[in-house]
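One structure is given here, and the rest of the page talks about it.
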Amino acid sequence: MQDFDIAVIGAGAAGLSTAAVAAGQGASVAVFDDNALPGGQYFRQLPTSFIRTCKIAFDKDVDRGRLLYQAVTHRNVTYYPSATVWNVLEGNVLAFSGAARSDHVRARLIVVAAGAHDRPVPFPGWTLPGVVTAGGLQNLIKGQRVIPGRRAVVAGNGPLVILVGANLVRAGARLLATAEAAPVARRAMRDAIGLAAAPGIVRQAADYASTVFRSGAQRLSGWTVIEARGAGECEEVVLAPIDAAGQIDRAAARNFAADLLVTGFGLVPSIEILRICAVDLGWSRLRGGWLPRRSEDFETTRPGIFAVGDGSAIGGVEIALVEGRLMGLIAAQRLGLIGPDERRRLAAGDVARLKRLSRFRAALERIYEPPRNFLHLITPETMVCRCEEVTSARLQERRDAGLVGINALKSATRAGMGRCQGRNCLSTLIDLESEATGAPRELVPLSGARPPARPVLLQDLLATPMPPLEPPDPALAHLPRGQRVD
Ligand SMILES: Cc1cc2nc3c(=O)[nH]c(=O)nc-3n(C[C@H](O)[C@H](O)[C@H](O)COP(=O)(O)OP(=O)(O)OC[C@H]3O[C@@H](n4cnc5c(N)ncnc54)[C@H](O)[C@@H]3O)c2cc1C
């Protein structure tokens, strides 16, 4: 088993910045990412087999990422592309399953920079072909130069709505409408001072808004999607006003003949690995739901395991970059490569920048504060867990039969047990459970987290040399084989 000073999970903005800074200070770093090329979500690159004949608007992110990509070629960095980390064992041992090989490595420090995924919000028709999430669409545009439709509606909550609208216009789609669930225009005026903390990002947002405005699309704020209709694929999208409590004014609904509906209801931190590490979590509705509790040095409650970027709280790409650079210095100090004074000196600029960006982020969260929930969009036939095809009615039926809690419903219906392992339905299951029991979301117990954190081929598991097993615990010797221990 190979040993490193630091293992970084995720080669996005946060992970690459961590690796670049720590390797620059002399640390040996292993970087794992399940994509073939470094960059993560924001700095996603085209496959190497693509030939770029001209530059388009999206290429500016790739141009900006060039310095960052170089992190994986640093002499102190060992890069594992197309490698999924699926378990973290005692002693900071990581198990990974990769295209080239599957194995274990050990690291003195582990930095989880796993990013986020779209928050899916179920509504009638959300599983129709032609209905995609905002992040998924960004990946198709940035990573494949594809738009999966021509007449588009974008609906959801958060800054990605306007960004995706602008990108669709730039990519050549006809944008019919954007629907933002929060009444943002009114709130933005009140929070002008907070927004002024990041004028560059505000200018960028104004540029997106002006692209959408010039396209002639209807721009609705305080509106949401309530249904996508079509025989086998999306043909029509229905939008309606929504209030702060999540109540929908169906009488005022408008229909759009769209073959593409992009939904972006915000992002959820990817905490699968952190849950396997059993770190303490806290709840923040505005920053993505369940988040790892962290010290000022980004350390989780499990010593030696750190979390940075969107995988620790949704903050956006600029915060991910800054946290990554600071993390590199924190790690270098922990490893004894630099002293505290040196770290303070090198970190000063980014510490100030992080404070400014955090003020901006807080303003953004107030402006985009979503309705209390989107549960009124769900009908009994609506699929809640799309992997296992579990409807809202099926969940209710089991609840009526006396089952309480996400774990019990999971066992009875398989909701959350499919290929995505709950990434697509856990946030809805929490909302539904909170609504049904009256318990606040942060008091709804989560279902258990077990390896593998992501789908892994059985052949990879079998090929993975396991570290030596601990000798059996003599206290358990009396148990007959196969007996379940709860
Ligand atoms: C799908 C999607 C698209 C987005 N598009 C945009 C956009 O166009 N513009 C914008 O401003 N913001 C966008 N965002 C938000 C923005 O990408 C993030 O704020 C930013 O990328 C955060 O950087 P990060 O390093 O924290 O995470 P990321 O850039 O997401 O990097 C995390 C990386 O870790 C990898 N990973 C996770 N778990 C494992 C594991 N177990 N094993 C191996 N690898 C793992 C992921 O595949 C990913 O490559 C998007 C977010 C998502 C989820």
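Full extension of the chain between HIS104 and LYS355 gives 86.6 nm of extra length, using 0.36 nm per residue less the Cα-Cα distance. With a ≥ b ≥ c the root eigenvalues of the C-alpha gyration tensor of the range 111-177, is it rounded (a/c under 1.5), prolate (a/b larger than b/c) or oblate? Verdict is oblate for the range 111-177.
Phi angles of the range 239-255 translate, via the Karplus equation with coefficients 6.51, -1.76, 1.60 and θ = phi - 60°, into HN-Hα couplings of 10, 8, x, 9, 9, 4, 7, x, 6, 10, 8, 5, 5, 9, 4, 10, 9 Hz per residue; Gly and Pro are given as x. Taking 0.36 nm per residue of separation and subtracting the Cα-Cα distance, full extension of the segment from PHE50 to GLU233 would add 63.0 nm.
Of all DSSP beta bridges confined to the chain, the antiparallel ones make up roughly 45%. The charge dipole of the range 81-203, taken about its Cα centre with unit charges on the Cβ of Lys, Arg, Asp and Glu (plus for the first two, minus for the last two), comes to roughly 460 debye. Solvent-accessible area assigned to carbon and sulfur over the chain amounts to 54 percent, based on a 1.4 Å probe.
Cross-link reach is defined here as a Cα-Cα straight distance under 29 Å, omitting same-chain residues fewer than 8 places apart; for LYS60 the lysines meeting it are LYS142, LYS355. At full extension, GLN144 and ARG203 could sit 18.5 nm farther apart than now, given 0.36 nm per residue minus the alpha carbon distance. Beta-bridge orientation, the range 1-108: approximately 50 percent antiparallel, per DSSP, counting only bridges with both partners inside.
If you take every residue apart from CYS387 with its C-beta less than 11 Å away from the C-beta of CYS387, what net charge results, scoring Lys and Arg +1 and Asp and Glu -1? Once all neighbours under 11 Å are counted, the net charge is +2. Summing charges over all other residues whose Cβ lies under 10 Å from the Cβ of VAL317, with Lys and Arg as +1 and Asp and Glu as -1, gives -2.
In this structure, the amide hydrogen of ALA177, modeled 1.01 Å from its nitrogen in the peptide plane, lies closer than 5 angstrom to those of VAL154, GLN218, counting only residues at least 5 positions away or on a different chain. Report the FRET efficiency, 1/(1 + (r/R0)^6), for THR127 and ASP3, where r is their Cβ-Cβ distance and R0 is 51 Å, rounded to 0.05. With R0 = 51 Å, the Cβ-Cβ based efficiency is 0.65. Accessible surface computed residue by residue for the range 247-375, with neighbouring protein chains in place and a 1.4 Å probe, gives 41 Å² per residue.
Taking a ≥ b ≥ c as the square roots of the eigenvalues of the Cα gyration tensor of the chain, is the shape rounded (a/c under 1.5), prolate (a/b larger than b/c) or oblate? The shape class here is oblate. Heavy-atom accessible surface of the range 1-152, averaged per residue, reaches 40 Å², computed with a 1.4 Å probe. Mean sequence separation of contacting Cα pairs (under 8 Å, at least six apart), scaled by the length of the chain, corresponds to a relative contact order of 18 percent. The helix-based estimate of mean residue ellipticity at 222 nm for the chain, built from -39,500 (n - 2.57) per DSSP H run of four or more residues and divided by its residue count, is -10000 deg cm²/dmol to the nearest 500.
The values are calculated or read from the model by the stated rules, or taken from the named source; none is laboratory data. Fair warning: this is a prediction, and the values are worked out from it, not measured in the lab. Virtual Cβ from ideal backbone geometry, glycine too; neighbours counted across all protein chains shown. Note: areas computed on protein heavy atoms with side chains; ligands, DNA, RNA excluded. Shrake-Rupley method; radii C 1.70, N 1.55, O 1.52, S 1.80 Å.
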